[in-house]
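Report on one structure; see the data block that follows.
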4 protein chains.
Amino acid sequence: MSHHLHQISPEMQQCIQNCLDCHSTCLNTVSYCLQKGGMHADAAHIRLMLDCVEICQTSANFMLRGSDLHARTCGVCAEICDRCSQDCDRMGDDPQMKECAQMCRRCADSCRQMSMATA
Amino acid sequence: MSHHLHQISPEMQQCIQNCLDCHSTCLNTVSYCLQKGGMHADAAHIRLMLDCVEICQTSANFMLRGSDLHARTCGVCAEICDRCSQDCDRMGDDPQMKECAQMCRRCADSCRQMSMATA
Amino acid sequence: MSHHLHQISPEMQQCIQNCLDCHSTCLNTVSYCLQKGGMHADAAHIRLMLDCVEICQTSANFMLRGSDLHARTCGVCAEICDRCSQDCDRMGDDPQMKECAQMCRRCADSCRQMSMATA
Amino acid sequence: MSHHLHQISPEMQQCIQNCLDCHSTCLNTVSYCLQKGGMHADAAHIRLMLDCVEICQTSANFMLRGSDLHARTCGVCAEICDRCSQDCDRMGDDPQMKECAQMCRRCADSCRQMSMATA
């Protein structure tokens, strides 16, 4: 992040950034998937992507507020991002889906660490 | 809810309604607390109220999408609503805070049941 | 609304309720549309429904906070709900889509009044 | 943004980034203001900051979905960010508030351009 955040550790700043990046990539990829159609537009896949978009945003906001409950939202976020990355990987040799899967894994990793650090 | 929801059980509809009511009451009460000042406007209290507002909205949205991951968000929501109701009860003989505490408890109860039903 | 809201007129309480109902119905209908497939799952239609979901939530939150800027978000909300109701009506003789269209129109009407009252 | 976005122009990517940065800075600054107290924790100031947080998120999401209605949300976002930057500037010689005001101005500028480009 280019901007300064009040009372937020470098590790948490990185986790916030990963959540925001994952949020942006997943929401943008929902539009890609709907245009592509077929298995990309499968109801369960789009729903999982929208779940991921929302929990990433929520987790980022808990950290930005400096809430001590962020460990709980980060725990759920890690789980949902893991599932979403697996679902994106199922879509075959598709660069947009590969990038989305990678972003989800990165977010899941940092959220998992964040959820354990304060457990 | 006056309107019909697709593939959502009566129990879940009630839980969605409780989340939306808790969301509305808490967000409205944030303004009340800031105007009142003193311990009502304590940073930790406002932060917890905003946490509650956001997780209620997120949990309601997971259920409205028909996501099977709603049990996870409902579990976190129950925990945060419990904490928020205790914090509101601490504010003494204040009808707005009493009503907010009660709404948080009702939301916590139904979210807890929702999180166990599918665990 | 069953619960009391601080410093919010009956007209605004009704508008908040309409926004929350429209939000819930549209988000739930997104899942219905994705399962149904065909023109219901058209990328532009799902995108417009998600736009409607989000602006209804945002407008409700501005009013719940007691913000004097709610007239601006309600103005945009009225416009997006109008478009969404027309798009839902295009889907033919489908009760879920008819109910969604009706909810969007009701929300558009009350948001339009809200945006003009304070203009 | 480090990551690739589907069908989004460089100008819009910059506007999305500014909205997300403004969202993060304002939400984080809310906690700062509540801790600081005094005029920083004034109800009208916190409310305006929360309005800014939410409309920035909503505008970013409209652009990330590739919605043609983003011009409308960006127009409202520009107006709210302008007001928020003025309110932050009123807080005197406070580096956190100065940075927040600057971020709001940057976001307002790019949202205004975005709202006119498609008007």
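Is it the case that region B:102-112 has a residue that's in contact with a His (Cβ under 7 Å, 6 or more places away or on another chain) and either in a helix (DSSP H, G or I) or surrounded by 24 or more Cβ atoms within 10 Å (Cβ to Cβ) (or both)?
Checked against the condition, which is being in contact with a His (Cβ under 7 Å, 6 or more places away or on another chain) and either in a helix (DSSP H, G or I) or surrounded by 24 or more Cβ atoms within 10 Å (Cβ to Cβ) (or both), region B:102-112 yields at least one hit.
What residue, among those in region C:42-56 that are open to solvent by 20 Å² or more (accessible area, probe 1.4 Å) and within 11 Å of chain A (Cβ to nearest Cβ), is nearest to the chain's Cα centre (by Cα)?
Across region C:42-56, the extreme among qualifying residues is C:54.
Take the conditions assigned to a helix (DSSP H, G or I), of a type outside the set (Asp, Glu), open to solvent by 30 Å² or more (accessible area, probe 1.4 Å) and touching a residue at least 24 places away in the same chain (Cβ under 8 Å) and apply them to residue C:96. Does it pass?
Values: assigned to a helix (DSSP H, G or I): yes; of a type outside the set (Asp, Glu): yes; open to solvent by 30 Å² or more (accessible area, probe 1.4 Å): no; touching a residue at least 24 places away in the same chain (Cβ under 8 Å): yes.
When the stated conditions are applied, residue C:96 does not pass them.
Name the residues in region C:58-89 that are among the aliphatic types (A, V, I, L, M) and within 14 Å of chain B (Cβ to nearest Cβ), would you?
Within region C:58-89, C:60, C:63, C:64, C:69 qualify.
Would you pick out the residues in region A:3-33 that are open to solvent by 30 Å² or more (accessible area, probe 1.4 Å) and within 7 Å of chain D (Cβ to nearest Cβ)?
Within region A:3-33, A:4, A:6, A:32 meet the criteria.
Anything in region C:57-80 that is of a type outside the set (Ser, Thr, Tyr), in a helix (DSSP H, G or I) and either open to solvent by 10 Å² or more (accessible area, probe 1.4 Å) or closer than 19 Å to residue B:60 by Cβ (or both)? List them, or say none.
Here is the first cut: in region C:57-80, the ones of a type outside the set (Ser, Thr, Tyr) are C:57, C:60-66, C:68-72, C:74-80.
If we keep only those that are in a helix (DSSP H, G or I) too, we end up with C:57, C:60-64, C:70-72, C:74-80.
Listed by number, the residues that qualify are C:57, C:60, C:61, C:62, C:63, C:64, C:70, C:71, C:72, C:75, C:77, C:79.
Can you report the number of residues in region D:2-54 which are outside any helix (DSSP H, G or I) and at positive phi?
Of the residues in that region, 2 qualify.
Taking the options A:28, A:61, name whichever one is touching a Gly at 6+ places or on another chain (Cβ under 9 Å) and not aromatic (Phe, Trp, Tyr).
Values: A:61 fails: touching a Gly at 6+ places or on another chain (Cβ under 9 Å).
Of the residues listed, the single one that is touching a Gly at 6+ places or on another chain (Cβ under 9 Å) and not aromatic (Phe, Trp, Tyr) is A:28.
The values are calculated or read from the model by the stated rules, or taken from the named source; none is laboratory data. Everything numeric here is computed off the predicted structure, so don't read it as measured data. Every residue, glycine as well, gets a Cβ built from its backbone with ideal geometry; the counts of neighbours run over all protein chains shown. With ligands, DNA and RNA removed, areas are computed over all heavy atoms of the protein, side chains included. Shrake-Rupley method; radii C 1.70, N 1.55, O 1.52, S 1.80 Å.
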